[in-house]
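Novice: Questions regarding the structure given below will be posed in turn.
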Amino acid sequence: MPPTRGALLHPLMQSDTGEPALVSALRALGPLQSCREYSMAASAWGRVGNGAQVLALLEQMESAAVPRDAWFYAAAIGALTDSAEPEQALLLFEQMDGEGASMNEFVYCSAIRACGALGWSSAGAERGVERALVLFRSMRPNGVTPNAVAYNALITALGAAGRAAEAVALLDEMGAAGIAPDLVSLHAAIGACGRSVPARCDEAVELLCGMRGRGLTPVTRSYNAALSACAAGGRWREAEALLAEMAAERVPADLISVNCALSAAAKGGKWPHALSLLAQVEAGRYAGVRPDVASY
């Protein structure tokens, strides 16, 4: 019995489908038959980082006279961003806007995330965050209510530009809008504190410590975001205390954790502490963690 079309589409939805398997799956499917299928294919190509194939889908849809909906645009914009082509993603958003196509919160979220991905340089980050702010503030006037994903994308974009005060303020704005900040929100805000110049270590640690009060349990990534802020500011005592807290709370430290603590000690001019911590890592105190080039 031949496989159903649903079974043939299944690989397009799997996060671990590599490019060769994706090519085979699309070959077995034959021509895509609906906007939904094109959306699934766009997301799949984005997961393997092939933006050229995402753009090819746009041409195929036009040739096949398949109308594009907001879900497809959201998928394609997100896929281009995942393929390290945020400029192309934003061009697609502008094309959609110019065509007067219907927008939803997912389209805006994808576009705001693309703005944040412009931040590979300080100039790009600043340009991206200004664009992200314009998009975010245009949502409500256009009848679209920002959701947690939109807030998180904007906090991330602000963080990439080192605009920590605005990123942290958005946590309060989320609460006022009845949207509870989640782990992604806090990680992005804490990360923004670390990328601020100068680094806002105290605020990063304060946000970390306040997570349980928000009903969130800090994980390794939470601590690493705060440890990164400590590293940026050379705050070795705070970094040392955070590592101790991770052990007490049974949150596993990883290589990022210890390298941040090592960097904090080095920048703080506390070489004995750095060497002592490195010796502990070498001795296997942190399960599964082995020093790398950055550690030394």
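The values are calculated or read from the model by the stated rules, or taken from the named source; none is laboratory data. This one's a predicted model, so the numbers in the text were calculated from it and none came from an experiment. Ideal geometry is used to build each Cβ from the backbone, glycine not excepted, and the neighbour counts take in all protein chains shown. All accessible areas refer to the heavy atoms of the entire protein, side chains included, with ligands and DNA or RNA removed. Shrake-Rupley method; radii C 1.70, N 1.55, O 1.52, S 1.80 Å.
Novice: Round to the nearest 10 and give me the degree value, 0 to 90, for the angle of helix 255-267's Cα axis relative to the longest principal axis of the chain.
Specialist: That helix lies at roughly 50 degrees to the long axis.
Novice: Quick check for you: with a 1.4 Å probe and neighbouring chains kept, what is the accessible area per residue of the chain, in Å²?
Specialist: Using a 1.4 Å probe on heavy atoms only, each residue of the chain averages 48 Å².
Novice: Please give the helix 70-82 orientation as an angle from the longest Cα principal axis of the chain, in degrees from 0 to 90, rounded to the nearest 10.
Specialist: 50
Novice: Using Stokes-Einstein with the Kirkwood hydrodynamic radius over Cα pairs, what translational diffusion coefficient do you get for region 48-188 at 10 °C and a viscosity of 1.306 mPa s, in µm²/s rounded to a whole number?
Specialist: 104
Novice: Report the chymotrypsin sites (Phe, Trp or Tyr not before Pro) located in region 110-173 that are in a DSSP loop and have at most 14 other Cβ atoms inside 10 Å of their Cβ, or state none.
Specialist: Passing both the DSSP loop test and the Cβ count: Trp120.
Novice: Roughly how many percent of the accessible protein surface of the chain is carbon and sulfur, given a 1.4 Å probe and a whole-percent answer?
Specialist: Whole-percent figure for carbon plus sulfur exposure: 56.
Novice: Taking Cα centroids, how far is region 257-289 from region 23-92 in Å?
Specialist: Comparing the Cα centres of region 257-289 and region 23-92, I get a distance of 45 Å.
Novice: Hey, what did the chain get for relative contact order, percent, Cα under 8 Å, at least 6 apart?
Specialist: It rounds to 9 percent for the chain.
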